[in-house]
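Asks: Below is one structure. I have some questions about it.
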Amino acid sequence: MDDRDTILAELDAFHVEVDQEAGKLETIHAERLECKAGCADCCVDDLSVFDVEAELIRRRHKVLLTVMTPHAAGACAFLDDDRHCLIYENRPYVCRTQGLPLSWTETRDDGSVREFRDICPLNDEGEPIENLSRESCWTIGTYEGKLAELQRRWGSGDMKRVKLRNLPLL
Ligand code: SF4
């Protein structure tokens, strides 16, 4: 296994870890989550991913990328006519936490830190997300950092991103 194969194996492990952690939150929020196969409101157009995640899709879906007709503009290129993901097993990180209550922080100019929350409107019914514990939300930051580190190694510092819509053309 060369260095690049090692990084892709680590990316696989990263996806598994994300799925496990997201799965715990899906269990906690099972009553409010309307997410199901065929609901693709999160599968918006113009998503871009780090090149390392693009490479996983290139390697695992060679035939698909050759023959597929990308979904029309207005939704993700990998959405099929039944609103299912054509690359589900190897979908990028950003697609694996969709629908969960999200939490993130931003630092203001005065140095104070403010927390923000968001959730898909379809999953908004139930306990107001402002009242949820931080632990029961998907906290943005840690996993993005891990993924960025994989890309840093993959690209030798080049943080190249690739639009999903352009992948079939490459
Ligand atoms: S890659 Fe799959 S899950 Fe992600 S936005 Fe596209 S169709 Fe949806």
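Asks: In region 65-114, which residue that is free of Cβ contacts under 8 Å to residues at least 24 places away in the same chain and hydrophobic (A, V, I, L, M, F, W, C) is farthest from the ligand (Cβ to nearest atom)?
Replies: Per the stated criteria, the residue is 113.
Asks: Out of curiosity, is residue 55 modelled with pLDDT of 95 or more, within 15 Å of the ligand (Cβ to nearest atom) and acidic (Asp, Glu)?
Replies: yes
Asks: Can I ask one more? For residue 115, state whether it is among the acidic types (Asp, Glu), at pLDDT 95 or above and either within 14 Å of the chain's Cα centre (by Cα) or part of a loop (DSSP other than H, G, I, E, B) (or both).
Replies: Taking the combined requirement at face value, the residue does not satisfy it.
Asks: Within region 20-52, how many residues turn out to be surrounded by 14 or more Cβ atoms within 10 Å (Cβ to Cβ) and either within 12 Å of the ligand (Cβ to nearest atom) or not aliphatic (A, V, I, L, M) (or both)?
Replies: Of the residues in that region, 16 qualify.
Asks: Please find, among 122, 100, 65, 147, the residue that is assigned to a helix (DSSP H, G or I) and within 15 Å of the chain's Cα centre (by Cα).
Replies: One residue alone meets the criteria, 147.
Asks: Got a sec? Which of 152, 165 is surrounded by 13 or more Cβ atoms within 10 Å (Cβ to Cβ), free of Cβ contacts under 8 Å to residues at least 12 places away in the same chain and under 30 Å from residue 59 (Cβ atoms)?
Replies: Checking each option against the conditions leaves just 152.
The values are calculated or read from the model by the stated rules, or taken from the named source; none is laboratory data. Because the structure is a prediction, the values reported are computed rather than measured. Virtual Cβ from ideal backbone geometry, glycine too; neighbours counted across all protein chains shown.
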